[in-house]
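Single-structure report; data block below.
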Amino acid sequence: MYNLPSPQIEGEILAYIPFGDIVYYFSPYTLVLFIFALTFTALAILSRPEKQVDIAFGGDAYYTKEIPEKQMRFQRFMAISCGLATMAGVTTGDIFNFTLLTAMVGICNIGIVASVKNKHVLDNAYEYGILAMIGTLPLFGAAAIILATTGTLSLWEIFTPAVSVPVIAKALLVIGVIGEGMAPVYVAKAEITRAPGAPYVLMIHVSSLLMFLRVVEIIISM
Amino acid sequence: MTGKTKALMVLSGLICPASAILAAAGAIDAIVMVAALVIFFPLFVISTFLTWKASDHEGDYPFIGY
Amino acid sequence: MISFLLYLLLAVFIGLLYHGIHRKVIARIQTRPGPPVWQEFLHTLKFSFKQTWIPMTASQLMFVAIVVIMIAIWVGGLYVLLTGGSLLILFAIFLLHKITEHGLGLSSGSPYGKFGAIRSVISAASEIPLFATVGAIYMVTGSLMISDITAYEAANGPLLLSVIALPMAIAMYVIVLSKVPYNPFGIIEAKEIVSGNKTEHFGVWRAGLETGFAIKTFVLLAAFVTLFIGALPLWLLLIAMLIVLLTMSFICALTPMLSPYDAVTIQALIIGFVVVYVVIAGVIL
């Protein structure tokens, strides 16, 4: 019953988990993405945060940043929820579910950055947030156009050659994912250096790039 | 530290060829073999290096000039 | 199946050897004597014998795990390539490599590593869409499985000679070029930030990284040859890979390292060229 319509793109299906009409599935491709998201979520849970070294300009002095317990707990929570959203997002078989989880990834990413109590970092979290929120517009717009033109949200239906998705919906979907996950990273990245990074800031990168990988697969298969 | 890494080196050093042989014999799927290699080959490399690296207890070779 | 294990060991060996040849050729072009071709083996072994610990400032588990992950993803990549799996998975593995590069820099707590990591993100902005354009090969072959692509080439001749697939070949070439050592796009390990994201990974960790990079070079070069020339017997594959590498050595020897934004701009221009070409070719055909 559950055979992928386009196995020449990502390989034959390995397993699926039906939740009502939303069917999560593992092809070799999504399995690789899932395992990677899982690995980095586990790392975010297990590793201790780095103590970032800062050099005081104009002298030989340097100091390390200690991360307060409270901030670490919140960042870890956000990183874990980001990892969970990513794991679900890369395996989902429903376009609206995918856009929803991408939006959640964006929100968690803002959370990770915004938990640092530093004027510059917070400034960037704000810009980051604006971009991510703007990104939801094309993202959900794409899902709405797909539903309106094809009458379905299920990737199993959309991937069949009989169903054609308008190019504008594909373009909006890509722009949405880039806006949600990737663009803010580039806007805010220079300032994120002030925020102690691993393993939590790394999760921003992991989640947004994995979502981008998934959307590439969806676009090619549609 | 060294005892553990040595044990890990031997273990992963055995698992890598064992999974390849078992897969060749048809006892396990190719995907299981790859999973085993993806996990244990890096561990084998790192644990081998950690086993033969210079001891942490003494100082490094002093620079004695050319 | 045992052949895969042998291939894996061969990949480490050939990757390190080719890195050495690459260095030697660059040196000869720049009229320096250069190191011996087996220098990278000595290098890796030297690092592996050194005293090693985890820096106080590093994120303890991450610092080590990222080295293991770096090797692991390319072991997976080698398998995908050898069994003719999906090109998309290879693309995913390349992207995971970008993530590990990022993590490599972030995990140490050093400002140099951090700048390397940031530059890795900046270069990801262009390298990832660039690899995505290789997916346009789907228009020509109708499949993204590497086995189908080689079957197509066996029937219709190498893709490198096909007019439609040529821009994809250029895009893939730039991708491989930006991953060999000393390349003009290698902003993440530029010397003005010491060694970029590799700065704090010393001793055993560095030796592990060199091993992973050797497999990476082997996989990427073999992928280029397999995708655009076709499935070749092993000895011919190795020769073709060496020839591709030598052309890259010339580029690496003769061009300076670009500044971060120039590197991104040039790669973005190539992306634009490929996209325009694909759109025009798609309209005409």
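Here are the numbers for this structure:
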quantity: A:THR99 under 14 Å from A:SER207 (Cβ atoms), outside any loop (DSSP other than H, G, I, E, B) and within 14 Å of the chain's Cα centre (by Cα); calculated: no
quantity: A:ALA61, sole failed condition from (1) more than 9 Å from chain C (Cβ to nearest Cβ); (2) in contact with a Leu (Cβ under 8 Å, 6 or more places away or on another chain); (3) of a type outside the set (S, T, N, Q); calculated: (2)
quantity: Failed condition for C:LEU106, given (1) under 25 Å from C:CYS252 (Cα atoms); (2) touching a Lys or Arg at 6+ places or on another chain (Cβ under 8 Å); (3) crowded, with 23+ Cβ neighbours inside 10 Å; (4) hydrophobic (A, V, I, L, M, F, W, C); calculated: (1)
quantity: Among the residues listed as A:LEU173, A:LEU147, the single one being assigned to a helix (DSSP H, G or I), in contact (Cβ under 8 Å) with a residue 40 or more places away in the chain and more than 21 Å from A:GLY20 (Cβ to Cβ); calculated: A:LEU173
quantity: Whichever residue in the range C:139-158 is within 10 Å of C:PHE228 (Cβ to Cβ) and part of a helix (DSSP H, G or I) and, among such residues, is farthest from the other protein chains (Cβ to nearest Cβ); calculated: C:GLU153
quantity: Residue within the range A:109-132 that is of a type outside the set (Ser, Thr, Tyr), in contact with a Cys (Cβ under 9 Å, 6 or more places away or on another chain) and in contact (Cβ under 8 Å) with a residue 60 or more places away in the chain present; calculated: yes
quantity: Unique residue being in a helix (DSSP H, G or I), of a type in the set (S, T, N, Q) and away from chain C (no Cβ under 14 Å) when the list is A:GLN75, A:GLN71; calculated: A:GLN71
quantity: Selection within the range C:48-92 - more than 21 Å from C:GLY109 (Cα to Cα) and either touching an Asp or Glu at 6+ places or on another chain (Cβ under 8 Å) or not in a helix (DSSP H, G or I) (or both); calculated: C:LYS50, C:THR83, C:GLY84, C:GLY85, C:SER86, C:LEU88, C:ILE89
quantity: Leading residue by the ranking (farthest from B:GLY13 (Cα to Cα)) among those in the range B:25-38 that are surrounded by 15 or more Cβ atoms within 10 Å (Cβ to Cβ) and more than 7 Å from chain C (Cβ to nearest Cβ); calculated: B:ILE28
quantity: Cβ-Cβ under 7 Å pairs, at least 6 apart or on other chains, the range A:62-88 side more than 14 Å from A:LEU43 (Cα to Cα), far side surrounded by 12 or more Cβ atoms within 10 Å (Cβ to Cβ) and among the charged types (D, E, K, R); calculated: A:TYR62/A:ASP54; A:TYR63/A:ASP54; A:THR64/A:LYS51; A:LYS65/A:LYS51; A:LYS65/A:ASP54; A:GLU66/A:LYS51
quantity: Residue identified as surrounded by 19 or more Cβ atoms within 10 Å (Cβ to Cβ) and hydrophobic (A, V, I, L, M, F, W, C) among C:ILE54, C:ILE26; calculated: C:ILE26
quantity: Residues located in the range A:209-222, provided they are modelled with pLDDT of 85 or more and in contact with an Asp or Glu (Cβ under 8 Å, 6 or more places away or on another chain); calculated: A:MET211
quantity: Conditions (1) more than 30 Å from A:GLU12 (Cα to Cα); (2) assigned to a loop (DSSP other than H, G, I, E, B); (3) small (Gly, Ala, Ser); number of the one not met by C:GLY113; calculated: (2)
quantity: Candidates C:ILE14, C:ILE26, C:ILE21, C:ILE54, filtered to the one that is under 23 Å from B:ILE46 (Cβ atoms) and modelled with pLDDT of 85 or more; calculated: C:ILE14
quantity: Hits in the range C:159-180 (condition: part of a loop (DSSP other than H, G, I, E, B) and surrounded by fewer than 16 Cβ atoms within 10 Å (Cβ to Cβ)); calculated: C:VAL163
quantity: Matching entry among C:VAL278, C:VAL219, C:VAL225 (being surrounded by 12 or more Cβ atoms within 10 Å (Cβ to Cβ), assigned to a helix (DSSP H, G or I) and touching a Ser or Thr at 6+ places or on another chain (Cβ under 8 Å)); calculated: C:VAL278
quantity: Residue in the range A:7-19 that is in a loop (DSSP other than H, G, I, E, B) and at the interface with another protein chain (Cβ under 8 Å from one of its Cβ atoms) present; calculated: yes
quantity: Matching residues, the range A:26-40, being in a helix (DSSP H, G or I), at the interface with chain C (Cβ under 9 Å from one of its Cβ atoms) and of a type in the set (S, T, N, Q); calculated: A:THR39
quantity: Some residue of the range B:53-65 being at pLDDT below 80, in a helix (DSSP H, G or I), more than 10 Å from chain C (Cβ to nearest Cβ) and more than 30 Å from C:SER3 (Cα to Cα); calculated: no
quantity: Residues located in the range C:105-147, provided they are of a type in the set (D, E, K, R) and either in contact (Cβ under 8 Å) with a residue 40 or more places away in the chain or in contact with a His (Cβ under 8 Å, 6 or more places away or on another chain) (or both); calculated: C:ARG119, C:GLU127
quantity: Selection count, the range C:167-185, where residues are within 8 Å of the chain's Cα centre (by Cα) and closer than 11 Å to C:SER249 by Cα; calculated: 2
quantity: Failed criterion for C:GLN51 (all others in (1) without any contact (Cβ under 8 Å) to a residue 12 or more places away in the chain; (2) within 14 Å of chain B (Cβ to nearest Cβ); (3) farther than 25 Å from B:PHE40 by Cβ hold); calculated: (1)
quantity: Residue count, the range A:41-58 (criterion: part of a loop (DSSP other than H, G, I, E, B) and either more than 7 Å from chain C (Cβ to nearest Cβ) or within 10 Å of A:PRO199 (Cβ to Cβ) (or both)); calculated: 7
quantity: Hits in the range A:82-96 - residues which are buried (at least 19 other Cβ atoms within 10 Å of the Cβ) and over 27 Å from A:THR160 (Cβ atoms); calculated: A:CYS82, A:GLY83, A:ALA85
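The values are calculated or read from the model by the stated rules, or taken from the named source; none is laboratory data. As the structure is a computational prediction, the values presented were derived from the model and not from experiment. Counting neighbours? That spans all protein chains shown, and the Cβs are built from the backbone with ideal geometry, glycine included.
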